[in-house]
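Novice: Would you mind keeping the following structure in view while I ask a few things?
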Amino acid sequence: MAVTKVLARKGRLDVGIHYVLNGDKTNEQILTAYLNCDPGHACRQMLDTKRAMGKTDGVQYYHIIQSFKPGEVTPELALEIAREFAAEHLPGYQAVIGVHVDKEHIHAHTIFNSVNADTGEKYHSNARSYYSQIRAISDRLCREHGLSVIMEGKADKAVSYIEWLRQSRGQPTFRAMLEADLREAIEDANDIGHFFLIMEHKGYEIKHGSRLGFRLRGQPRPSGTGLGRPGGKVPGQERFMIPGRKDPLFTEDGIRAAIGGNLDAIAAGTRPAIIYRPRYQPYRRRHPQKYTGFMALYVHYLYLLGKAGQRQYPPRMTPHLRREIMKFEQYKEQFAFLREHAISSAEGLQSVRTRAEETLAGLIKQRTILNVRKKKRRALYDALSDTAALAPAKELYEDGMPGMEEQFARYMDAVSALEQCGIHREQLMAEKAELYRQLADINREIRRARKEISMCDTIERNRPQMEHDIHVAEAKAKEVERDEYRRR
């Protein structure tokens, strides 16, 4: 089985050829071959072809990689397959082939000139040519030599480092990658703070608010990748994604519940992400509760909205009251708030609002203290994140993949910062997780206090209009009753 990939390169030819012919990877260049060019002169001959055809700009060369299943092929057979592939697919093109044996899986690299030496035409690669030519020829050659083939696959595209890395893990899209990373972080986390730490180490920015948002951070742009000016950044995501909109599992409450051990049942759909259970109260016979003040106003108003929702002939409700039916659930929520806090007067409402403001001020002060602690440790926390997020880039750099220099340098800087801080890495990580957990809990309490303040403001704002609507509705009902009495 050979997994194939084709890459268009605008960088220097000599750099690509040097990488393919690397003696440390090709058994001192024993596992190499040439097509339509001579050893030691391949780069010059390719450049001469470009100049002769007047096509020296744009894509300079193409790089085809054939990765074979570990233990299924010998280096000599891999070279033979790559040579046969180049001869069939690249007639007239100058190509250099090298089989690398420095990894567990043997892989063949073929670099060929973007300009055909015979026809002067430039090579073009797209999804159709990939499947109908590159993939088809490679699979046929594998079958002819007794190797297995991949039955299904998806076309490769020129993507950023982060996207390529995630695709190699079977996560082809940002959304699928995010959901997979979220599930993995939920499975590994001990609490909500630890969950946020894991997601940050996976390379995400997190936006806290009424809904959790996640955005993949951009990585430094490697040179020679065809992705633009070196030294910039490979874009991650421009906007935050809010997975909780589609799946309650990924809301903050859903994540907290899932961390408790219910992820499998939630994902299978056998139980909701959050189960609300009212507190048990033994049955006691009681007289119907009599409401006064604000609660009586809401009971009366909800009663009128309920009647307005029914068809009545002749109509007894005002057009405004009928529009208010659309807000019925909001008024029910406001009434539940009044009953929960036993609010029956303006003074009681103001008292609850004042308590909520005092609670909010205290929470904001606590959050400020935690944020100051977080700011002091920001460099070390970022270093922890970089060592985790850039570890794959370090491995790619050590394996000889070009373009990983910036990521490797960032990784080494992060390791150096952690070694010089004098704090054991596990201790620092535990400290960071606890700090993030405390911030998450405080942010949740802040949202609750702000909601209470907003609810108090809404109730106070709605009260005059509700009283007016009730008065108008009752006057109209009495007028209708008088008209019906006269008609009798």
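Novice: For the subset of the range 198-239 comprising residues that are among the hydrophobic types (A, V, I, L, M, F, W, C) and modelled with pLDDT of 85 or more, which member is nearest to the chain's Cα centre (by Cα)?
Specialist: If we take residues in the range 198-239 being among the hydrophobic types (A, V, I, L, M, F, W, C) and modelled with pLDDT of 85 or more, then F214 is nearest to the chain's Cα centre (by Cα).
Novice: Can you tell me which residues in the range 25-50 are in a helix (DSSP H, G or I) and either in contact with a Phe, Trp or Tyr (Cβ under 6 Å, 6 or more places away or on another chain) or closer than 16 Å to G120 by Cα (or both)?
Specialist: Across the range 25-50, the qualifying residues are Q45, M46, L47, D48, T49, K50.
Novice: Could you please find all residues in the range 57-106 being aromatic (F, W, Y), more than 17 Å from A8 (Cβ to Cβ) and either touching a Gly at 6+ places or on another chain (Cβ under 7 Å) or not in a helix (DSSP H, G or I) (or both)?
Specialist: Hit for the range 57-106 is F68, nothing else.
Novice: Going by the conditions given, is I17 surrounded by 14 or more Cβ atoms within 10 Å (Cβ to Cβ), β-branched (V, I, T) and outside any strand (DSSP E or B)?
Specialist: Yes.
Novice: Can you run down the residue pairs with Cβ atoms below 7 Å, 6 or more apart or on separate chains, where the first is in the range 372-400 and closer than 30 Å to V20 by Cα and the partner is small (G, A, S)?
Specialist: D386/A414; T387/A414; A389/G203
Novice: Residues in the range 71-89 that are closer than 22 Å to S114 by Cα and of a type outside the set (A, V, I, L, M): how many?
Specialist: 5
Novice: Within the range 1-45, restricting attention to residues that are among the hydroxyl-bearing types (S, T, Y) and under 38 Å from the mean Cα position of the chain (by Cα), which residue is farthest from A117 (Cα to Cα)?
Specialist: Selected residue: T4.
Residue-wise test of (1) under 29 Å from R51 (Cα atoms); (2) buried (at least 18 other Cβ atoms within 10 Å of the Cβ).
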| position | (1), (2) |
| --- | --- |
| F85 | yes, yes |
| E88 | yes, no |
| H100 | no, yes |
| T110 | yes, yes |
| V115 | yes, yes |
| D118 | yes, no |
| N126 | yes, no |
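Novice: When the range 397-407 is examined, which residues are found to be assigned to a helix (DSSP H, G or I), out of contact with any strand residue (DSSP E or B) (no Cβ under 9 Å at 6 or more places or on another chain) and either on the phi > 0 side of the Ramachandran plot or buried (at least 20 other Cβ atoms within 10 Å of the Cβ) (or both)?
Specialist: The one that is assigned to a helix (DSSP H, G or I), out of contact with any strand residue (DSSP E or B) (no Cβ under 9 Å at 6 or more places or on another chain) and either on the phi > 0 side of the Ramachandran plot or buried (at least 20 other Cβ atoms within 10 Å of the Cβ) (or both): Y397.
Novice: For the range 107-134, enumerate the residues that are modelled with pLDDT of 90 or more, of a type in the set (A, V, I, L, M) and not in a strand (DSSP E or B).
Specialist: A117
Novice: Continuing with the same structure: Say whether the condition of being basic (K, R), closer than 30 Å to E104 by Cβ and surrounded by 14 or more Cβ atoms within 10 Å (Cβ to Cβ) is met by at least one residue in the range 408-422. Talk me through it step by step, then tell me what you get.
Specialist: Of the residues in the range 408-422, the ones basic (K, R) are 410.
Applying the additional criterion that residues be closer than 30 Å to E104 by Cβ yields 410.
Now narrow it down to the ones that are surrounded by 14 or more Cβ atoms within 10 Å (Cβ to Cβ): 410.
Scanning the range 408-422, I find at least one residue that is basic (K, R), closer than 30 Å to E104 by Cβ and surrounded by 14 or more Cβ atoms within 10 Å (Cβ to Cβ), so the answer is yes.
Listed here are the residues, each with its yes/no results for (1) of a type in the set (S, T, N, Q); (2) surrounded by 14 or more Cβ atoms within 10 Å (Cβ to Cβ).
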{"site": "T32", "(1), (2)": "yes, yes"}
{"site": "A52", "(1), (2)": "no, no"}
{"site": "G58", "(1), (2)": "no, no"}
{"site": "Y62", "(1), (2)": "no, yes"}
{"site": "F68", "(1), (2)": "no, yes"}
{"site": "V73", "(1), (2)": "no, yes"}
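The values are calculated or read from the model by the stated rules, or taken from the named source; none is laboratory data. Worth saying up front: this structure is predicted, and the values here are computed from it rather than measured. Note that each Cβ is placed from the backbone with ideal geometry, even for glycine, and that neighbours are counted across all protein chains shown.
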